[in-house]
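Just below is one structure, and these are the notes that go with it.
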Amino acid sequence: MNSNIWKCVFSLCAVTVLAASGQSDEKSPALGADDYYTAHTIWYEQPTKLYSLNYKKGSKIPAGSVVSKIRMTPGRSPKIMFTVDEYEIEFTVLFQGKYHPNMSANEFKDRMLTKIPLEDRTKGMSELDKEGIEKGVIFSGMSK
């Protein structure tokens, strides 16, 4: 199988494995002023145009990065915007619903951005798992 497909599969699995549980509220697209973090590594080529498939290509925003100024635009092609505090750059994720069946843009946002710091989300994981998550790579011997 093509290695790019495996990279994409890993990125989607990381979203699922690290996704924070909780209810979504379609009527409240803004997350608020509290600290939020990236729930997984987010890959991008252009900060203004990140695709929700999260292909492992280009630069990356590391898992656990602090984000702020989170907002969404509704509509047929919703966008999720946030600023990574370390970079002081606004990123725009284009939600592609056809690749996320049975998931709303708000639910996707809740899986991508979390209030739980990475250290708390990875408690109990092996050092190899933590290193793979932090670097956004798959190592032989990582758990599912």
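The values are calculated or read from the model by the stated rules, or taken from the named source; none is laboratory data. Nothing here was measured: the structure is a model prediction, and the numbers come from that model. Don't worry about glycine lacking a Cβ; one is built from the backbone with ideal geometry, like all the others, and counts go over all protein chains shown.
Structural remarks
- Any hit, segment 84-93, residues being assigned to a loop (DSSP other than H, G, I, E, B), within 17 Å of residue 54 (Cβ to Cβ) and among the polar types (S, T, N, Q): no
- Selection within segment 53-88 - modelled with pLDDT under 90 and within 15 Å of the chain's Cα centre (by Cα): 53, 54, 55, 56, 57
Yes or no, residue by residue, for (1) closer than 15 Å to residue 40 by Cα; (2) part of a loop (DSSP other than H, G, I, E, B):
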| position | (1), (2) |
| --- | --- |
| 69 | no, no |
| 77 | no, yes |
| 98 | no, no |
| 108 | yes, no |
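- Test: residue 55 is farther than 27 Å from residue 143 by Cβ and part of a loop (DSSP other than H, G, I, E, B): no
- Filter result for residue 114 (closer than 20 Å to residue 47 by Cα, polar (S, T, N, Q) and touching a residue at least 60 places away in the same chain (Cβ under 8 Å)): yes
- For segment 131-141, the criterion of being among the aliphatic types (A, V, I, L, M) and touching a strand residue (DSSP E or B) at 6+ places or on another chain (Cβ under 8 Å) is met by none of the residues.
- The combined condition, being modelled with pLDDT of 90 or more, in a loop (DSSP other than H, G, I, E, B) and not basic (Lys, Arg), is not fulfilled by residue 20.
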